[in-house]
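Below is one structure, written out as structure tokens; comments come after it.
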Amino acid sequence: MKEIDKRRQKSMNRKDTDKKILAMEAKRGQLIKAKNGMRLVELPEPIRTGYKKFFVIRPDIAAGDDVDLYKQILPYVQNTIYSNNREFLVKDYKTKKMLPKPHKPANIEHKVWNTLVDAKFNSRQSGMFERVWKQTGLKNPKIGKFEYLFTKDWAFAEKIEPHYKTHTLLLDPDLESELQQINNRIDRNNLWPKINKLLGCKSNKWDYETRINRIINKYYADIAENILEYKNDK
């Protein structure tokens with residue numbers, strides 16, 4: 001009986017801990033959302049902030065007859081990532097090792113695909129994609145969505161360039177301080193794997209540069225190319 005009570009107490013303590021971690025992550029999400037809504041301000045001078053990696057058409061393909069087919073596709077599968085090191089290494093929180101950051105062409109979501117077929121892509125271009133099921137639930141394979149995977153990714157090559165910021169978010173010092181405290185606590189206690197597990201996520205925390213530039217792409221799409229200084233159709 002005492003052993004059952006001990007297991008029950010241990011289970012309750014674990015649930016209480018999980019609730020506290022989720023509450024902290026929810027607070028972090030609220031702070032990030034508030035931060036995302038802040039306005040951009042132009043910097044007096046561009047600031048070097050590491051490197052960016054994106055896809056370009058492979059030189060031999062660019063010199064061939066099919067170059068226009070791939071030029072039309074590239075903007076829809078372009079995937080730009082950012083890093084503070086030229087090797088694009090990120091820490092794996094399970095093994096504690098520095099591993100190359102994954103980089104592959106983006107899939108096209110089903111709704112976007114429906115607007116591209118016939119209107120943008122011809123039958124040959126459409127045939128370069130495969131419909132795949134992307135599971136979004138951690139355990140249930142039925143939870144997910146259909147996406148379209150580009151199967152001719154060999155036609156693209158990776159290109160690395162220095163990254164410069166021309167704009168930055170106007171930050172609230174108090175908000176930034178509270179957000180930093182939460183991030184430090186999560187890092188110090190190595191809570192990212194636990195948070196990902198509780199939320200049903202498979203990937204680790206995005207690095208700051210990639211996250212902030214995706215924020216700019218999302219909220220300032222009309223001027224993002226000037227801010228981030230890259231063209232999606234490179």
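The values are calculated or read from the model by the stated rules, or taken from the named source; none is laboratory data. What you are looking at is a predicted structure, and each value in this text was computed from that prediction instead of being measured. Glycine gets a Cβ as well: all are built from the backbone with ideal geometry, and neighbour counts include every protein chain shown.
Considering (1) under 18 Å from the mean Cα position of the chain (by Cα); (2) modelled with pLDDT under 95, the lone condition that Phe54 does not fulfil carries the number (2). Within segment 168-222, the residues that satisfy the criterion of being farther than 24 Å from Thr136 by Cβ, in a loop (DSSP other than H, G, I, E, B) and at pLDDT 80 or above are Asn189, Asn190. Evaluate segment 138-146: report whether one residue or more is part of a strand (DSSP E or B), of a type in the set (Lys, Arg) and touching an Asp or Glu at 6+ places or on another chain (Cβ under 8 Å). Yes, segment 138-146 has at least one match.
Of everything listed in (1) within 24 Å of Asp153 (Cβ to Cβ); (2) free of Cβ contacts under 8 Å to residues at least 24 places away in the same chain, the single unmet condition for Ala26 is (1).
Filter segment 149-199 down to the residues that are under 30 Å from Gln125 (Cα atoms) and of a type in the set (Phe, Trp, Tyr) and list them by number. Phe150, Trp154, Phe156 - these are the residues of segment 149-199 that are under 30 Å from Gln125 (Cα atoms) and of a type in the set (Phe, Trp, Tyr).
Do you know which of the residues in segment 116-167 that are of a type in the set (Val, Ile, Thr) and in contact with a Gly (Cβ under 8 Å, 6 or more places away or on another chain) is farthest from Asp66 (Cα to Cα)?
By that ranking, first place goes to Ile143.
Where strands (runs of 3 or more DSSP E) sit wholly within segment 16-91, those with at least 3 residues that are out of contact with any Leu (no Cβ under 6 Å at 6 or more places or on another chain) and surrounded by 15 or more Cβ atoms within 10 Å (Cβ to Cβ) occupy 40-57, 81-83.
Regarding Thr115, is this residue out of contact with any Asp or Glu (no Cβ under 7 Å at 6 or more places or on another chain) and within 30 Å of Glu176 (Cα to Cα)?
Numbers: out of contact with any Asp or Glu (no Cβ under 7 Å at 6 or more places or on another chain): yes; within 30 Å of Glu176 (Cα to Cα): no.
So Thr115 does not fit the description; no.
Scanning segment 152-167 for residues that are crowded, with 18+ Cβ neighbours inside 10 Å, more than 19 Å from the chain's Cα centre (by Cα) and either of a type in the set (S, T, N, Q) or assigned to a strand (DSSP E or B) (or both) yields Phe156, His167.
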